[in-house]
Amino acid sequence: MGVATARLFASHGAKVLVVDMNEKAAKSTVDTITSEGGDASYFVADVVEEDSCKALVEAAVDRFGKLDILMNSVGIGGPGAAPDVTQELWTRVLDVDLKSMVFISKYAIPQMIKSGGGSVINISSVDGIRAAMTKNVPYAAAKGGMISATRAMAVHHGRDNVRVNCIAPGMIYTSMVEAVDDKKRKIRRDLAPLGTEGRAEDIAMAATFLASDESRWITGVLLPVDAGLMAAGPQSLLNNILDDYEYI
Ligand SMILES: NC(=O)c1ccc[n+]([C@@H]2O[C@H](COP(=O)([O-])OP(=O)(O)OC[C@H]3O[C@@H](n4cnc5c(N)ncnc54)[C@H](O)[C@@H]3O)[C@@H](O)[C@H]2O)c1
């Protein structure tokens, strides 16, 4: 999703700083954007460290002069029902998925205020809205926390002209789900009213709208981009928690 969004932002003229702890991945995204005529560079950071969050914002301002848009897309899975959760996993998932968006925003928002405003886009998940098909309490907690933090930040920074919105992706086919087997991928498609898995580009297009002036009067919203999954009724929700979904 980060790659697709960085490419689409760049195609609309944004200068993009691609941040990832995986240098190869970050460099490959920058190479793609550059080959498409865009302007991008990368910064390698583990975003759980506050110092890294500060440094990446400083790098964006140093390289491009100001910061208008922040997309918090970093995320890792957080498996386990409550009895399975270890302290190490809990801490890592909450740090990567939730703490990072707050601490990058901590340094990004003052920069946006300096240049008259900006747009923060947080990538949560439908798993932050309702119980998930997989047992993933740490992930659900982190993604739910992102939704609440989005609303709080939107309210606190409305008068600064900093808009803060949240996208809840549904079943999107990305590297995060490459390991998911065909049976589960079929379930992922079947659950959504549109009957298809999404693509990273679907999130990129929503993020581009939220980054643009076309959404200038939109802040604090939770936008599911999910093929209708969140609009579906109890039957679909029940399917999520049954091992054998064909029961219904
Ligand atoms: N794929 C889906 O179906 C789906 C559904 C709902 C929500 N989401 C959420 O969307 C976001 C993007 O998902 P994706 O599928 O594009 O993920 P992805 O795994 O393809 O990309 C995530 C990137 O984050 C980087 N990363 C991980 N930990 C990091 C850290 N500590 N510091 C810096 N970089 C780090 C990884 O190297 C990777 O390049 C995530 O927040 C994810 O939770 C995904």
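Is one or more of the residues making up the stretch 5-23 over 13 Å from S73 (Cβ atoms), within 11 Å of the ligand (Cβ to nearest atom) and not hydrophobic (A, V, I, L, M, F, W, C)? For the stretch 5-23, residues over 13 Å from S73 (Cβ atoms), within 11 Å of the ligand (Cβ to nearest atom) and not hydrophobic (A, V, I, L, M, F, W, C): present. Of everything in the stretch 192-229 that is in contact with a helix residue (DSSP H, G or I) (Cβ under 6 Å, 6 or more places away or on another chain) and assigned to a helix (DSSP H, G or I), the residue that is surrounded by the most Cβ atoms within 10 Å (Cβ to Cβ) is A207. Select from the stretch 157-172 the residues that are closer than 18 Å to T208 by Cβ and basic (K, R) and list them in ascending order. If the condition is that a residue be closer than 18 Å to T208 by Cβ and basic (K, R), then R163 is the only one that fits. Can G65 be described as under 17 Å from the mean Cα position of the chain (by Cα) and at pLDDT 95 or above? The answer is no for G65. Within the span defined as the stretch 175-183, every residue fails to be in contact (Cβ under 8 Å) with a residue 40 or more places away in the chain and surrounded by 15 or more Cβ atoms within 10 Å (Cβ to Cβ). Whenever a residue of the stretch 191-206 is under 14 Å from V3 (Cβ atoms) and of a type in the set (G, A, S), its partners that are at pLDDT 90 or above and outside any helix (DSSP H, G or I), lying with C-beta atoms within less than 6 angstrom and at least six residues away or across chains, give the pairs A200/M1. Examine the stretch 62-80 for a residue that is farther than 30 Å from A154 by Cα and touching a Lys or Arg at 6+ places or on another chain (Cβ under 8 Å), and state whether such a residue exists. Yes: one or more hits. Against the criterion of being in a loop (DSSP other than H, G, I, E, B), buried (at least 20 other Cβ atoms within 10 Å of the Cβ) and within 15 Å of the ligand (Cβ to nearest atom), V47 qualifies.
The values are calculated or read from the model by the stated rules, or taken from the named source; none is laboratory data. Only a predicted model underlies this, so the values are computations on that prediction, with no experimental measurement involved. So basically every Cβ, Gly included, is an ideal-geometry build from the backbone, and we count neighbours across all protein chains shown.
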